[in-house]
Amino acid sequence: MAEKVLFLVFAVPLVATALGVLLSRNPVYAAINLVAAFFCMAGIYVLLTAHLIAFMQVLVYAGAVMVLFLFVIMLLSLGDESLVPGPSKRAMQWVGVAGALAVAGVIGSAISRVGDGAAANVGGAFGTVKAVGRVLFTEYLLPFEATSLLLLVAIVGAVVVAKERI
Amino acid sequence: MAPLSWFLYLAAILFTIGLAGVLLKRNALIVMMSVELMLNAANLTFLAFARQNGWANGSAIAFFVIAVAAAEAAVGLAVVIAIYRSRGEINVDEVRALRE
């Protein structure tokens, strides 16, 4: 019971702030809404006993990635998005809404066939740094090293693309 | 734990909001934020199934998703800055060609 209440405590603000990202016209408001959404998401991860991922969510997403977003928004000094698009664009927007709702219907019908069942009993070590680290450094060692290479390539690529003259 | 389907429906709602953002918004930065939202929804699904079945792999996969999302944000924002330099706008409806 307490877990259901806690789920709603995190899930309702999560959906509200996610909608805030969609509905706010000022990019800075959208970014702040997204930071709040990431914090709520970290709470949901804790309910799923994924403590390490919840911690990384706050550290990497709400910290590093969103600072990068805010930095770029303020660097470009963008104004509000124009309120009224042209008539043809508005028609395209309705097509977009219909497409998103169609995808939601497909996902929803798939989820409705997943039985709830009783959750597995997991020990106290589930989702901790020790348990996840053991999996990462044994079963997923090659993908883990590939990730380090990917991040290095991303750093170099970002510098090369964004800099005017090397 | 709250029922599995609650987490899955929450992930579906977030994914739909992110998809709507990608389809409807014209500011490239907000489109990228919506992509981050969709990646988070995928992460939530991974972790919910992992918790339900007691798999330890779920957190490892979520870890890789976070790393890829960080790399995507870094390169994507660099591209946004480069486009802004050459055109003075980042409206995804107007930016159609890679060349100037």
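Derivation of every value follows stated rules applied to the coordinates shown; laboratory data play no part. Just so you know, these numbers come straight off a predicted model, no measurement behind them. We place every Cβ from the backbone using ideal geometry, glycine too, and count neighbours over all the protein chains shown.
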Mind putting together the pair-distance distribution for chain A? All Cα pairs, 10 Å bins, whole percent per bin, short to long. 8, 21, 31, 28, 10, 2
Per-residue mean of C-beta atoms belonging to partner chains within 10 Å, peptide A:123-130: 2
State the three equivalent ellipsoid semi-axes of chain B, derived from the C-alpha gyration tensor as the square roots of 5 times its eigenvalues, in descending order and whole Å. 33, 15, 7
Helix B:57-87 axis, angle to chain B major axis (alpha carbon atoms, nearest 10°): 10
Rounded to whole Hz, the Karplus (6.51, -1.76, 1.60) HN-Hα couplings of region A:42-51, x for glycine and proline: 4, x, 4, 5, 5, 4, 8, 6, 10, 5
For peptide A:18-24, the mean count of other chain Cβ atoms within 10 Å per residue Cβ is 6
Once the Cβ-Cβ distance between A:Q93 and A:R134 is put in as r, and R0 is 35 Å, what FRET efficiency do you end up with, to the nearest 0.05? 0.15
Over the whole of A:36-42, what's the average partner chain Cβ count within 10 Å per residue? Rounded to a whole number, please. 2
Using alpha-carbon positions, the gyration tensor of region A:81-165 gives root eigenvalues a ≥ b ≥ c; with a/c under 1.5 called rounded, otherwise prolate if a/b exceeds b/c, else oblate, the class is oblate
In deg cm²/dmol, rounded to the nearest 500, the helical mean residue ellipticity at 222 nm of the protein assembly as shown, built from -39500 (n - 2.57) for every DSSP H run of length 4 or more, is -25500 deg cm²/dmol
Regarding region B:45-100, what is the average projected area of its C-alpha convex hull, in nm²? 5.1
